[in-house]
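Written out below as structure tokens is the structure these notes cover.
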Amino acid sequence: MPVILIKEGVDVTPSEYVADVILELEHVIVPGGMSLRRLKILKTRGVATPLVEVPFVIADEGPVVLPYTTKSRQPPSEKLTTGAPEIDEALGGGVWSGSLVAVVGPHDGLASKLMVLTAAALAREGRRILYHHHKVFPTFVKFAENLGVKLQRPNLDWYYHPVVEHKVLTWWYKSAKIVESGGYDVHFADQYEQVAAVAGVELLAEAAMVYQSMLKSDTTTVLIFNSHDTWRRVATRLGSAVDYVFLFRHGQLVAYTPDNAAPVRFKFRIDMEKKRVVYERA
């Protein structure tokens, strides 16, 4: 019978010489209160194993190891509408399914307001939408309601989650499970400027990789930041993990996409008569 030693800390003890497998557990609380757990495989007798270090979480079903994926998936073959015909035309049909998208706007919540319109448009097409937000009172939906958009739809699910719980990787594990079990085509995660403030940029970057690794389906994930300053800090760590970046300022949109070498620029305005946002190439 193999002898397995599970330890905390770096001290070497006599028992380590007789153990067949040694696993080291690490739990670090970094500045700001963020919780990071690691599992290291230090020894496997008879097998040449390089040092392996992976994150793990304490979930409802017990400890769960979250290894990063080592295999790339097939390139996407389908595009999803952005909810704006003018943007879809410029992007060749919309955004690729399965993409990680960042939508960034000013502090007044413009990005949130516009993404509610996109979520409703996708739901009207029959797509399964999860809209995850962090406001007890989601007043940002009033903008869409003023344009006559009906937000209570069979395909559009609203999910409130306290932002403070993002201090541990467990939430992103749960989030991926919710997306998978619900069969969602698009997952909107709003108010991510708050998440970055609570979780910190380091944990946010690791969490994005863990979340993407946990997904088995081609779910498109949209991270919504109502702060250009916060996005600039996050972007330095996420790097090319994000496939699309849409930067909104009042009256202007700049889109960075995998299909175009140069950014695509738009002007936009609110047409209250037609009750929609109208875009045109700049």
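The values are calculated or read from the model by the stated rules, or taken from the named source; none is laboratory data. Note that this is a predicted model, so its numbers are computed, not measured. Reconstructed Cβ throughout: ideal geometry from the backbone, glycine too, with neighbour counts over all protein chains shown. Keep in mind that these areas ignore ligands, DNA and RNA; they rest on the heavy atoms of the full protein, side chains included. Shrake-Rupley method; radii C 1.70, N 1.55, O 1.52, S 1.80 Å.
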Probe 1.4 Å, heavy atoms of protein chains only: per residue, the accessible area of the range 139-194 in Å² is 45 Å²
At 0.36 nm per residue, and after removing the present C-alpha to C-alpha distance, how many nm does the segment from residue 273 to residue 178 gain when stretched out fully?
30.4 nm
Can you find, among 54, 111, 219, the residue sitting farthest towards the positive end of the charge dipole of the chain, where Lys and Arg contribute +1 and Asp and Glu -1 at Cβ?
111
For residue 36 and residue 217, extending 7 Å from Cα along the Cα-Cβ vector and measuring point to point gives, in nm, a value of 3.2 nm
For the peptides 196-207, 109-120, what is the packing order when you average, over each peptide's residues, the other Cβ atoms within 10 Å and list the highest mean first?
109-120, 196-207
What distance in nm separates the two pseudo spin-label positions at residue 52 and residue 250, each 7 Å out from Cα along the beta-carbon direction?
5.5 nm
Given the candidates 126, 63, 98, the one whose Cα lies deepest towards the positive end of the charge dipole of the range 50-154, counting +1 at each Lys or Arg C-beta and -1 at each Asp or Glu C-beta, is 126
May I have the convex hull volume per residue, in Å³, for the Cα set of the range 181-255?
107 Å³
Estimated dipole of the range 108-224 in Debye, rounded to 20 [Cβ of Lys and Arg +1, of Asp and Glu -1, Cα centre]:
380 debye
Carbon plus sulfur, as percent of the 1.4 Å-probe accessible area of the chain, comes to 56 percent
In debye to the nearest 20, how big a dipole does the chain give about its Cα centre with +1 on each Lys and Arg Cβ and -1 on each Asp and Glu Cβ?
600 debye
Taking R0 as 22 Å and r as the Cβ-Cβ distance between residue 107 and residue 260, the FRET efficiency 1/(1 + (r/R0)^6), rounded to the nearest 0.05, comes to 0.20
If you wrap a convex hull around the Cα atoms of the chain, how much volume per residue is inside, in Å³?
154 Å³
Using mean Cβ contacts within 10 Å as the protection proxy, how do 247-259, 266-278 order, highest first?
247-259, 266-278
Ordering of 98-107, 36-45 by burial proxy (mean other Cβ atoms within 10 Å per residue, highest first)
98-107, 36-45
Note down the nm distance, to one decimal, between modelled labels 7 Å out along Cα→Cβ at residue 137 and at residue 150.
2.7 nm
I need the calculated FRET efficiency for the pair residue 282 and residue 74, taking r as the beta carbon distance and R₀ as 35 Å, to the nearest 0.05.
0.55
State whether the range 59-201 is rounded, prolate or oblate according to the following rule on the C-alpha gyration tensor (a ≥ b ≥ c being the square roots of its eigenvalues): a/c under 1.5 gives rounded; otherwise a/b larger than b/c gives prolate, and the remaining case gives oblate.
oblate
Helix-only [θ] at 222 nm, the chain, -39500 (n - 2.57) per DSSP H run of 4+, per residue, nearest 500, equals -8000 deg cm²/dmol
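Evaluate E = 1/(1 + (r/R0)^6) for residue 157 and residue 60, where r is the Cβ-Cβ distance and R0 equals 30 Å; express this FRET efficiency to the nearest 0.05.
The calculated FRET efficiency here is 0.90.
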Would you mind computing Rg(Cα) / (2.2 N^0.38 Å) for the range 82-127, counting N as its residues?
1.20
Using the Cα centre of the chain as origin and beta-carbon charges of +1 (Lys, Arg) and -1 (Asp, Glu), tell me which of 178, 146, 197 is placed farthest towards the positive end of the dipole.
146
